[in-house]
Amino acid sequence: VAEYTIRYWEKAFGLIKPIRKESKHRRYTREDVNTVLKVKELIYKHKMTLEGAKKQLSRFMASGAKPKDAEAFYTESDIKFLKEIKETLSQIIKE
């Protein structure tokens with residue numbers, strides 16, 4: 001992800017808060033990096049809008065989960081749907 005994109009996400013989401021050094025360089029913590037990776041996944045892989053990604057992250061953070069806990073981003077219905085797809089594909093492969 002480009003630097004200017006990460007800076008934009010810092011302002012847009014408010015969840016990414018790098019430590020500023022005296023030289024004005026940003027130092028990202030592991031949690032910041034995990035949050036950036038999750039935002040990237042939501043926007044690029046899942047094709048969410050910025051607003052949709054904000055809502056998803058807000059719901060995720062409200063649950064008290066950490067950014068690296070991927071399953072916390074998905075609702076129970078999402079997980080159930082994905083399991084059904086997996087079972088269907090397994091049956092197709094067997095046939």
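Restricting attention to the range 59-79, and to residues there that are among the charged types (D, E, K, R), farther than 14 Å from LEU15 by Cβ and surrounded by 11 or more Cβ atoms within 10 Å (Cβ to Cβ), which single residue is modelled with the highest pLDDT?
From the range 59-79, those among the charged types (D, E, K, R) are 59, 66, 68-69, 71, 76, 78; that's our starting set.
After this cut, where a residue has to be farther than 14 Å from LEU15 by Cβ as well, the list is 69, 71, 76, 78.
Then keep just the ones that are surrounded by 11 or more Cβ atoms within 10 Å (Cβ to Cβ); that gives 69, 78.
Details: ASP69: 52, ASP78: 77.
Among them, the one singled out is ASP78.
Determine which single condition THR35 fails, assuming it passes every other condition in (1) modelled with pLDDT of 85 or more; (2) open to solvent by 70 Å² or more (accessible area, probe 1.4 Å); (3) under 15 Å from the mean Cα position of the chain (by Cα).
Here THR35 meets the rest and fails (2).
Only residues in the range 11-27 that are in a loop (DSSP other than H, G, I, E, B) count as the first member; pair them with residues that are modelled with pLDDT under 85 and surrounded by 10 or more Cβ atoms within 10 Å (Cβ to Cβ), Cβ under 7 angstrom, at least 6 apart or cross-chain, and list the lot.
LEU15/LEU57; LEU15/MET61
The values are calculated or read from the model by the stated rules, or taken from the named source; none is laboratory data. This structure is a prediction, so every number in the text was calculated from the model and none was measured. Positions of Cβ are backbone-derived with ideal geometry, glycine not excepted, and every protein chain shown enters the neighbour counts. Just so you know, the surface numbers come from the protein's heavy atoms only, side chains and all, with ligands and any DNA or RNA stripped out. Shrake-Rupley method; radii C 1.70, N 1.55, O 1.52, S 1.80 Å.
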